[in-house]
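Structure first, commentary second.
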Amino acid sequence: MSLRAGFIALCGVVGLLSLDARAQQVVVLRDVRLIDGTGAAPREHVSLVLRDGKIERIGGAGLAAPAGAEVRELTGKTVMPGLISAHSHLGLLVDDAENSATAYTRENVVAELKQFERYGVTTIMSLGVNRDLVYELRAEQREGKLGGATILTAGRGIGVPGGAPPLPAAPDQIDRPASVEEARRDVDEMARHHADIVKIWVDKMHGTVPEMSPEIYKAVIDEAHAKGLRVAAHEYALTDAKQLVADGVDVLAHSVRDQVVDDAFVQAMKAHGVWYISTFTVDESFFVYADQPPFMQTEFFKEAAGPRLLAKFDAPGYADKVNRDPQTAQHRKDFEIGQQNLKKLFDAGVNVGFGTDSGAMPGRIPGFAEHHELESMVRAGLTPMQAITAATGSNAKLLRLSDRGTIAVGKRADLLIVDADPLADIRNTRKIFAVYHEGHSVADVAASR
């Protein structure tokens, strides 16, 4: 059985479990290395008791198992919190390979949620370009009727007429106000749907499209704050990022990539408590597959990418087309500047979160992208522990999720179990043994080997 088939079969079984059956499940994970998501040093020979979807007890290797518990002996394995993506997307791709305005269907979105989940990404923020269907799916999850990664959403998001995001979309996927009044009404509508955050796009895409004016995005920020909502901005240029911070934005959802950030910007980010998400996957996805990196030969990658996307990358002339594209050199430069900026901002104490833009375009692959992003953050100069903490405990703070992101008694049992120590090599997060989401196993790789 392939990894994908095994994962899907297991997810299907879990999807049939009633809430009562899940609530009765008691599991002991015995004798693990524990990375708790706080940034604290790992603990060896730890055991955890999971009950009713939460972590009930944490103790040593000899921790007594409750009566009737399923006991899993996991000596040599590492347990860490499930990954949280603060910047992903749903329902924008057909078969992982092509953007389409018809892709946002229940079937497609649920399949993506399950793929995130089986790759250990247990919570995602779908940061814009959502049809209103997303609110129905979120409600079903909260009622225990739908599985997959837990959805948080920015709803449609707010762009401008003719501007970013340059994606094919249904009429109810993106709001594009032409005035301050329209922008405020769009925010009010998102508030009525109880969106988890508001998304705006502030980017002229290298001068190819109109850019949102400061008057529009300041109105969005003010209205959102008045409604108790925070605002995350897609941005590219340092000048725009500085103005957004000054106008009260809460999250910069991409790297600053046009130039290395200056000290004034660093201090403004710290003074305003703004969060920064690097999303290296965005720029790298434009060129990395033409380079044929070794990860492309792994089953971990192939299972996530799917046959149509793999065929696209393997097609004759694909690499030559990418390398001849005049924009490829710019994407490579953007990636490297982004790397420098993450390290500078992190070392200065700016709040750093974690996201990938996975699901937005082909090559930004749900599930795989998150593990690769961890590696890219380490390449930028963070330690494996710092990258993991950004993707777990720090992201829980960014998204104001006090019930997850760290491993502690009373927290949700959203856990990623891997066969090898990711602190020795961050790529070891890809050696997934099992995933627990709210205390139940949804991806047990050992069962499919």
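The values are calculated or read from the model by the stated rules, or taken from the named source; none is laboratory data. On a predicted model such as this, the values are computed, not experimentally measured, just so you know. Quick reminder, even Gly has a Cβ in these numbers, built from the backbone with ideal geometry, and neighbours come from all protein chains shown. The protein model used for the area step is the full one, side chains on, heavy atoms only, and it has no ligands, DNA or RNA in it. Shrake-Rupley method; radii C 1.70, N 1.55, O 1.52, S 1.80 Å.
Helix content alone sets the calculated 222 nm mean residue ellipticity of the chain: runs of n ≥ 4 DSSP H residues at -39500 (n - 2.57) each, divided across all residues, give -10500 deg cm²/dmol.
How would you classify the stretch 258-349 from its alpha-carbon gyration tensor, with a ≥ b ≥ c the square roots of the eigenvalues: rounded for a/c under 1.5, else prolate if a/b is greater than b/c, otherwise oblate? Each step should come with its number before you reach the end.
Values: a/c = 3.67, a/b = 2.07, b/c = 1.78.
It comes out prolate by the Cα gyration axes.
Separation of the stretch 91-140 and the stretch 193-269 by C-alpha centroid, Å? If we compute the Cα centre of each part, the gap is 24 Å.
Each of THR75 and GLN267 was given a label point 7 Å from its Cα along the Cα-to-Cβ line. The distance between the two points is 5.6 nm. Measuring r between the beta carbons of ASP425 and GLU336 and using R0 = 25 Å, the FRET efficiency lands at 0.65. The stretch between ARG324 and GLN243, if pulled fully straight at 0.36 nm per residue, gains 25.7 nm over its current Cα-Cα span.
With all protein chains present, calculate the accessible area of MET296 using a 1.4 Å probe and round the result to the nearest 10 Å². Spelled out: MET296, probe radius 1.4 Å, area about 10 Å².
Label separation (ASP347 vs ALA65): 4.9 nm, computed from points 7 Å beyond Cα along the C-beta direction. Placing dummy labels 7 Å off each Cα toward the beta-carbon, the span from ALA178 to HIS45 is 7.1 nm. The C-alpha atoms of the chain occupy a region whose extents along the principal axes are 63, 52, 44 Å, arranged from largest to smallest. For the chain, with all protein chains in place and a probe radius of 1.4 Å, 52% of the accessible heavy-atom surface sits on carbon or sulfur.
The stretch between GLU189 and ALA408 holds 75.2 nm of extra length on full extension. This uses 0.36 nm per residue minus the Cα-Cα distance.
So for the stretch 90-198, considering every pair of alpha-carbon atoms, how many percent are separated by more than 21 Å?
On the way: 2065 of 5886 pairs.
Result for the distance tail: 35 percent.
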